[in-house]
Amino acid sequence: MGKFILKRFIYAIISLAIIATVSFFLICMKPGDPIAAKVQQLPESSRKVLVEKYGLDDPMLTRYVEYVKGLFTEGNLGDSIIYDGRTVNMLLESSALVSAKIGLIAIVIQVVIGVLLGMVQALYREKLGDQVIRVLVVLAICIPSFVFCAILQYFVGFKWKLTPIMGWGKPIHYVLPVVAYSIPGIATYCKYMRTSTISVLGEDYILTATAKGCSKTRLVFKHVFRNAILPIVTMVPVAVSNVFAGSMVIEKFFSIPGMGQHYVKAVSDSDPYMILGMAIFFAFTYIVALFFVDILYGLVDPRIRVAKDTR
């Protein structure tokens, strides 16, 4: 296992280096002046000062070497041009926690409700309840998240006045964004859990356990659940890594100061190092998630083991 972890760590570093390299050159080769919006009201002398400050007059290869050196030695993601005097790291520190709070609460709700509904559907498949839930699942997956945001804002916030329509800072402000974030995820986990559970129920060892008189409760929780949950185990770490990138629309709708707002502003204002830093951060969280997926697989299912290298 130690050798496997070391290999995965090396692969992760190489993958991150490749992503950083490709992202750097794609973003820096993009046409346009990254400081045009910032200096449009300033004289030419001020523009030259800013160009020198951010190293935009240096050759691209020199800028790349300096950026990669700072990234892998200090974890420095660069300086934001739009947010003068603030680094990308500072902006991520202030906004990542906000996005994480909403996303992680939503993921817990998604997994718990989605897994339970999926198992209930599989155990009572083709019944009326199963058919109704299947229709709702399809609707929840197909309808864009901003539609749920608008519906929740109108009915819960405006018409019924149960929660604020937007804002941040109080526990009540979590309700609408968390619900809007949770609905598509619940449907997705429900769909996969239903399919996985039905597949497990048809396995020979389930039929054998039933023939030996195993109780339904023991059968479901001891044999079915542990094997049917494997696809969810794969999905959850990836969903956690997408917490920071997957809530842009929701954060915009509810005026939440998370990473989504910074990313949208960075793209609209052509802030190269902000875009690059966030892209690398998203890639890092995704790589870490995939690493933990491999480990969790072996913990959940004893049949899955990392083969020893016999060469």
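The values are calculated or read from the model by the stated rules, or taken from the named source; none is laboratory data. Quantities reported herein were computed from a predicted structural model and do not represent experimental measurements. Methodologically, a virtual Cβ is constructed for each residue, glycine included, from the backbone with ideal geometry; neighbour enumeration extends over all protein chains shown. Keep in mind that these areas ignore ligands, DNA and RNA; they rest on the heavy atoms of the full protein, side chains included. Shrake-Rupley method; radii C 1.70, N 1.55, O 1.52, S 1.80 Å.
Of everything in the stretch 199-217, what is within 34 Å of the chain's Cα centre (by Cα) and of a type in the set (A, V, I, L, M, F, W, C)? Give them in sequence order.
Those that are within 34 Å of the chain's Cα centre (by Cα) and of a type in the set (A, V, I, L, M, F, W, C): V200, L201.
Considering only residues that are open to solvent by less than 60 Å² (accessible area, probe 1.4 Å), at pLDDT below 85 and not aliphatic (A, V, I, L, M), which ones fall in the stretch 51-85?
Once the filter is applied, which keeps residues that are open to solvent by less than 60 Å² (accessible area, probe 1.4 Å), at pLDDT below 85 and not aliphatic (A, V, I, L, M), the stretch 51-85 yields Y54, G55, Y83.
Exactly one condition in (1) touching a residue at least 12 places away in the same chain (Cβ under 8 Å); (2) in a helix (DSSP H, G or I); (3) among the aliphatic types (A, V, I, L, M) is false for L207; which is it?
Unmet for L207, out of (1) touching a residue at least 12 places away in the same chain (Cβ under 8 Å); (2) in a helix (DSSP H, G or I); (3) among the aliphatic types (A, V, I, L, M): (1).
Could you count how many residues in the stretch 253-293 are in a loop (DSSP other than H, G, I, E, B) and open to solvent by 10 Å² or more (accessible area, probe 1.4 Å)? Can you show your working first?
Here is the first cut: in the stretch 253-293, the residues in a loop (DSSP other than H, G, I, E, B) are 254-258, 269-271.
Right, trim to open to solvent by 10 Å² or more (accessible area, probe 1.4 Å) and you get 255, 257, 269-270.
Within the stretch 253-293, residues that are in a loop (DSSP other than H, G, I, E, B) and open to solvent by 10 Å² or more (accessible area, probe 1.4 Å) number 4.
Determine if the stretch 91-113 includes at least one residue that is open to solvent by less than 10 Å² (accessible area, probe 1.4 Å) and touching a strand residue (DSSP E or B) at 6+ places or on another chain (Cβ under 9 Å).
No: the stretch 91-113 contains no residue that is open to solvent by less than 10 Å² (accessible area, probe 1.4 Å) and touching a strand residue (DSSP E or B) at 6+ places or on another chain (Cβ under 9 Å).
Which of the residues belonging to the stretch 218-239 are open to solvent by 60 Å² or more (accessible area, probe 1.4 Å), within 34 Å of the chain's Cα centre (by Cα) and over 24 Å from T188 (Cβ atoms)? I'd like the intermediate steps shown before the answer.
In the first step, residues of the stretch 218-239 are kept if they are open to solvent by 60 Å² or more (accessible area, probe 1.4 Å); the result is 218, 221-222, 225-226.
Subset that is within 34 Å of the chain's Cα centre (by Cα): 221-222, 225-226.
Of everything in the stretch 218-239, just one residue is open to solvent by 60 Å² or more (accessible area, probe 1.4 Å), within 34 Å of the chain's Cα centre (by Cα) and over 24 Å from T188 (Cβ atoms), namely K222.
Does Y189 count as of a type in the set (F, W, Y), open to solvent by less than 50 Å² (accessible area, probe 1.4 Å) and within 18 Å of L123 (Cβ to Cβ)? Write out each step before concluding.
Numbers: of a type in the set (F, W, Y): yes; open to solvent by less than 50 Å² (accessible area, probe 1.4 Å): yes; within 18 Å of L123 (Cβ to Cβ): yes.
Yes; evaluated as a whole, the condition is true for this residue.
Take I109 and decide whether it is among the aliphatic types (A, V, I, L, M) and more than 30 Å from F221 (Cβ to Cβ). Spell out the reasoning first.
Numbers: among the aliphatic types (A, V, I, L, M): yes; more than 30 Å from F221 (Cβ to Cβ): no.
Here the answer is no, as I109 does not meet what is asked.
Looking at the stretch 171-186, is at least one residue part of a helix (DSSP H, G or I), surrounded by fewer than 15 Cβ atoms within 10 Å (Cβ to Cβ) and at pLDDT 85 or above? First the steps, then the outcome.
Taking the stretch 171-186 and keeping what is part of a helix (DSSP H, G or I), we get 171-186.
Then keep just the ones that are surrounded by fewer than 15 Cβ atoms within 10 Å (Cβ to Cβ); that gives 171-172.
Within this subset, residues satisfying the condition of being at pLDDT 85 or above are 171-172.
Within the stretch 171-186, one or more residues are part of a helix (DSSP H, G or I), surrounded by fewer than 15 Cβ atoms within 10 Å (Cβ to Cβ) and at pLDDT 85 or above.
I need the full set of residues from the stretch 114-129 which are touching a residue at least 24 places away in the same chain (Cβ under 8 Å) and either in a helix (DSSP H, G or I) or in contact with a strand residue (DSSP E or B) (Cβ under 8 Å, 6 or more places away or on another chain) (or both), in order please. Working first, answer last.
Start the filter on the stretch 114-129 by keeping residues that are touching a residue at least 24 places away in the same chain (Cβ under 8 Å), which leaves 114-115, 117-119, 121-123, 125.
G114, V115, L117, G118, M119, Q121, A122, L123, listed by residue number.
Could you please tell me which pairs satisfy a Cβ distance under 8 Å, a separation of 6+ or placement on different chains, a first residue in the stretch 8-32 that is outside any loop (DSSP other than H, G, I, E, B), and a second residue that is exposed (fewer than 13 other Cβ atoms within 10 Å of the Cβ)?
These pairs meet every condition: F25/M60; C28/M60.
Can I141 be described as more than 30 Å from K216 (Cα to Cα) and not aromatic (F, W, Y)? So that I can check it myself, show each step before the final result.
Details: more than 30 Å from K216 (Cα to Cα): yes; not aromatic (F, W, Y): yes.
When the stated conditions are applied, I141 passes them.
Quick one: would you say T188 is within 28 Å of E251 (Cα to Cα) and polar (S, T, N, Q)? Write out each step before concluding.
Numbers: within 28 Å of E251 (Cα to Cα): yes; polar (S, T, N, Q): yes.
Yes: the conditions hold for T188.
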